[in-house]
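So the structure is just underneath, and the comments pick up after that.
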Amino acid sequence: MIQPKQIAILGSTGSIGQQTLDVVRANPDLFQVYAISAHRSVQLLVEQAHEFRPEVVCIADESMYEPLRNALSDLPCKVWAGSEAIADMVTMPSIDIVVAAMVGYAGLLPTILAQVFRNSS
């Protein structure tokens, strides 16, 4: 049996991120969500975390960390915050695919790190 690919979705609450989650939803035998992130959309990120049960949930806006952590206290996931945390997230060895759906410059470093890390392993 083929193991599902572990996916990290940077910007899971935006339109591209949500469409990626639709693909995962339609193909649970092929894909599993390992990590998700958003800039500020805590409520939608919480809903996604409850549905997909990722290992890591990250919010870019550090001021939103406490509300996110509190809302996810019933899940056994890691909750991170900040742009450095998103950059760290993409280098996790368990991740097979990184979908970079972040807007603008904020997505540049994580995208480069994901590419470099995937090519070196």
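Some notes on this structure:
- For THR20: the one exception among (1) of a type in the set (Ser, Thr, Tyr); (2) open to solvent by 30 Å² or more (accessible area, probe 1.4 Å); (3) closer than 14 Å to ASP96 by Cβ: (2)
- Any chance ASP88 is at pLDDT below 95 and surrounded by fewer than 19 Cβ atoms within 10 Å (Cβ to Cβ): yes
- Checked against (1) open to solvent by 60 Å² or more (accessible area, probe 1.4 Å); (2) of a type outside the set (Phe, Trp, Tyr); (3) closer than 13 Å to ILE9 by Cβ, ARG69 meets all criteria but (3).
- From the options SER12, SER94, SER37, residue that is within 13 Å of the chain's Cα centre (by Cα), more than 19 Å from PHE117 (Cα to Cα) and of a type in the set (S, T, N, Q): SER12
- Scanning the stretch 1-17 for residues that are in a strand (DSSP E or B) and either free of Cβ contacts under 8 Å to residues at least 24 places away in the same chain or open to solvent by 80 Å² or more (accessible area, probe 1.4 Å) (or both) returns a single hit, LYS5.
- Search result, residues across the stretch 55-81 that are within 21 Å of VAL23 (Cα to Cα) and assigned to a loop (DSSP other than H, G, I, E, B): GLU55
- Members of the stretch 28-59 found to be over 29 Å from GLN3 (Cβ atoms) and modelled with pLDDT of 95 or more, listed by number: SER41, VAL42, GLN43
- Flag for MET64 being under 16 Å from ALA8 (Cβ atoms) and open to solvent by less than 50 Å² (accessible area, probe 1.4 Å): no
- Selection within the stretch 23-54 - open to solvent by 20 Å² or more (accessible area, probe 1.4 Å) and in a strand (DSSP E or B): PHE31, GLN32, TYR34
- Of the residues making up the stretch 38-94, those that are out of contact with any Pro (no Cβ under 8 Å at 6 or more places or on another chain) and in contact (Cβ under 8 Å) with a residue 60 or more places away in the chain are HIS39, MET92, SER94.
The values are calculated or read from the model by the stated rules, or taken from the named source; none is laboratory data. Quick caveat: nothing in here was measured; it's all calculated off a predicted structure. Using ideal geometry, Cβ is built from the backbone for each residue, glycine included, and neighbour counts are taken over all protein chains shown. Surface areas here come from the heavy atoms of the whole protein model, side chains and all, with no ligands, DNA or RNA. Shrake-Rupley method; radii C 1.70, N 1.55, O 1.52, S 1.80 Å.
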